Amino acid sequence: MRERHLLHMAVKDRTATSRLLATRSTATGVLMPASSIRRRLLQRGLRARCLYTGLPSWQTIDDCVWFRQWAHEHRAWQVDWHQVVISDESRFNLWDHDGRIRVRRFTGERCLLECVIE
């Protein structure tokens, strides 16, 4: 019964963190650590993902056209490109909150209205 209630709370408020869900579950009389909540929601298929905002602002059509033109003009730089590292610049934050809003969603719900910033 309490797993169904936990799943219902997580789906009702998609942006609720596991710590917030833990404090809400203690209000109902069930003491549950945040790690157990994360594990149980994962078992049910509810994952915490970054909120979908559509295309990043740097990936507009004009930017793609500009980048393609730039790459076409510099295609002769074969030797120079061996020293360049292109990365997606993933952020890893071990201690503090990184400011990203996360949303809990099932697989295939990426563009669901509750999971999108407009």
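The values are calculated or read from the model by the stated rules, or taken from the named source; none is laboratory data. Please read these numbers as outputs of a predicted model, since none were measured by experiment. In this analysis, Cβ positions are derived from the backbone assuming ideal geometry, glycine residues included, and neighbour counts consider all displayed protein chains.
A few comments on the model shown:
- H97 satisfies every condition listed in (1) farther than 30 Å from L6 by Cα; (2) at pLDDT below 75 except (1).
- Residues of region 100-118 satisfying the condition of being at pLDDT below 70 and among the charged types (D, E, K, R): E118
- Hey, V85 modelled with pLDDT under 75, β-branched (V, I, T) and out of contact with any Gly (no Cβ under 9 Å at 6 or more places or on another chain) or not: yes
- Matching residues in region 45-57 - criterion: being among the small types (G, A, S) and either at pLDDT 85 or above or assigned to a helix (DSSP H, G or I) (or both): G45, A48
- Checked against the criterion of being more than 18 Å from the chain's Cα centre (by Cα) and modelled with pLDDT under 85, region 6-23 has no qualifying residue.
- Selection count, region 6-44, where residues are part of a loop (DSSP other than H, G, I, E, B), surrounded by 12 or more Cβ atoms within 10 Å (Cβ to Cβ) and either at positive phi or not polar (S, T, N, Q) (or both): 7
- Test: T60 is out of contact with any Asp or Glu (no Cβ under 9 Å at 6 or more places or on another chain), closer than 22 Å to C115 by Cα and modelled with pLDDT under 80: yes
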